[in-house]
Amino acid sequence: MRKRLVYLLLSVMLLVALPPQAEAEEPQVMGEAAALIDAQTGMLLYGKDAHKKMYPASTTKVLTALVALEKAKASDVVTIGANPIHAGGTSIWLAEGEKLTLEELLYALMLNSANDAGVAIAEHVSGSVEEFAKISNERAKQLGAKNTHFTNPHGMPNKDHYSTAYDMALIGREAMRNKELRQIVTTVHHEIPRTDPEAQKYLFNHNKLLWSKVFGYQGATGLKTGYTVEAGQCIIASAERDGRELIAVVLRTEGNNLWTDAKILLDYGFNNFQNRQLVYAGKVMTNLPVKYGKTSVNLVASENYFHTFPKQGASDLQINFEPQEEILAPVVKGQILGKVVLKDGERPVAAINLVAAEDVQRDWFAVFKPILSWGLPPFLFLLWLRRRRRLLKIRRQRQARRRQYADYLQKIT
C-alpha cells in the first residue's frame, strides 16, 4: 500500500512539474502600490508594496456593498435619514425622507460612487456609520485582510481609514463571488426612480475599463474606482478570459495611468500564468486499514484545489500525504482522517483535508480477538492444570482406598 501511495504522490509531482524556461518580466506600473491575484486560487501573482497601508478612497465601497448584501435584502426599502445629505464628496443628492430600495442605493454607490448612498446603506444595515464600520472591519479580517481598518462606508479621508493593495484584492475577490454585487458592478448605466423629477436618476459607471473605446479592456467585469486628493487615483479592476478571472488593484496613481496600470497588470496575469487542478473533491486518494473495523476505509479529498503556475519558469511544488497515525473504528463518513499538504519549497501553500468516503462499523470480534489471543491460552492452561490436579487427587484417593482394602484383607487372613 505504501508503494501505491508513493507512486500516487510522485505522479502528482510529475503532473505539476514544468520545464525550466526564461521567466517573464514583471510589469512596470506607475502606481505607488499594486497587487494582482487570481480569483479562483487567491494566489498573489504580482505585488508592488502590496502590504503597505494606504488610503483606499472609494474602493472602500466594494466592502460596503458586500456587507450590505450579506446583512440585508436588496429589496429592502430604505428611508433616507438626516445624515446622508451631509456625507460630502460625490453625491446623488438624496433628500431626507426619500425612499429607495437597497438595490437602487447600491447602484448609486457602485456606479456613481455616491457617498450619501453609502451613509444611507450603513444606517439601514446597522443603525449608524460607526457600527457599520465595526461590521465591515470584522468581515475584512474574515477575508484575510489583516491590514485594513475602515471608519466609514465611502472612503472619505481619515487617518484611521486605511487598507493595502493586497487586502483590497482579497475584498474584490469575495465581492465578485456575490451574484447580486457582480451584476451591479458589471452594469454600465442604470436608472433609478426618484420622487423629485429634478433629482439625479441616471447613473453611469465610472469604470472606463467596462465601456471606453480608448481605455476599455476585453473581458472586464468590474469593479470600482476611487479618488481623493489624499489617496490619489485608485482602482480595483477585474477581468475574465478563458475561464479565468483576475483581480488587479492599483493605489495612488495619476490620470490615465489608472487605466494603463490596471491593463498592464491584467495582461501580465493572463499572459504568464495558468491554473491547474491538483486535487479533486471526492476522488479516492488512498485506502487505509481501520483498527477494530470490519473493513478498511477509502480517503477522499474534501474539496477541489487549483494552483496557479507560471507558464514560463519552473515550480518545485511539493505534495505530501499526511494520514492520521492510527484510525480506530467506528469511522463516520466525512470524518477527517488526514490531509494533503502542498508546499512551495519550505513555504506552506495549502492543506486539504482527507475524509472518510464511507462509514466503517466496529468489528466486535476484532475488538476481543487480542483479549482472546492473549487471555485464552493462560485460561486454558489453568483449566488443564486444575483438571490435572483434580485427576491426581482422585488417583491418590483411589490408591489410598486400595491400600486400606489390602490391609484389611491381610488382617482377616
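The values are calculated or read from the model by the stated rules, or taken from the named source; none is laboratory data. Owing to the predicted nature of the structure, the values given are computational and were not obtained by experimental measurement. Note: ideal-geometry Cβ built from the backbone for every residue, glycine included; neighbour counts use all protein chains shown. Only protein heavy atoms, including side chains, enter the accessible area calculation; ligands, DNA and RNA are left aside. Shrake-Rupley method; radii C 1.70, N 1.55, O 1.52, S 1.80 Å.
Listing for the model above:
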{"read-out": "Packing-based ranking, highest mean first, of 58-65, 284-291, 349-356, 249-256 given that Cβ atoms within 10 Å are counted", "value": "58-65, 249-256, 349-356, 284-291"}
{"read-out": "Shape category assigned to the chain from the gyration tensor of Cα positions, a/c cut at 1.5", "value": "prolate"}
{"read-out": "Total formal charge among the other residues, if their Cβ is under 10 angstrom from that of residue 353, Lys/Arg +1 and Asp/Glu -1", "value": "0"}
{"read-out": "FRET efficiency estimate (nearest 0.05) - Cβ-Cβ, residue 277 to residue 333, R0 22 angstrom", "value": "0.40"}
{"read-out": "Peptides ranked, highest mean first, by Cβ atoms within 10 Å: ranges 330-339, 403-412", "value": "330-339, 403-412"}
{"read-out": "Lys/Arg +1, Asp/Glu -1 at C-beta; the range 299-356 dipole; positive extreme among 309, 341, 331", "value": "309"}
{"read-out": "Mean separation of Cα contacts under 8 Å (6+ apart) over length of the chain, as relative contact order %", "value": "16"}
{"read-out": "DSSP bridge orientation in the chain - percent antiparallel, rounded to nearest 5", "value": "95"}
{"read-out": "Share of carbon and sulfur in the accessible heavy-atom surface of the range 134-248 [1.4 Å probe, %]", "value": "49"}
{"read-out": "Between helix 102-111 and the chain: long-axis angle, C-alpha atoms, 0 to 90°, nearest 10", "value": "70"}
{"read-out": "Å² of accessible area per residue within the chain, as computed with a 1.4 Å probe and no ligands counted", "value": "55"}
{"read-out": "DSSP-loop GluC sites (Glu not before Pro) across the range 118-227, with at most 10 other Cβ within 10 angstrom", "value": "198"}
{"read-out": "Positive-end extreme of charge dipole, the range 31-146 - chosen from 137, 108, 119 (charges on Cβ)", "value": "137"}
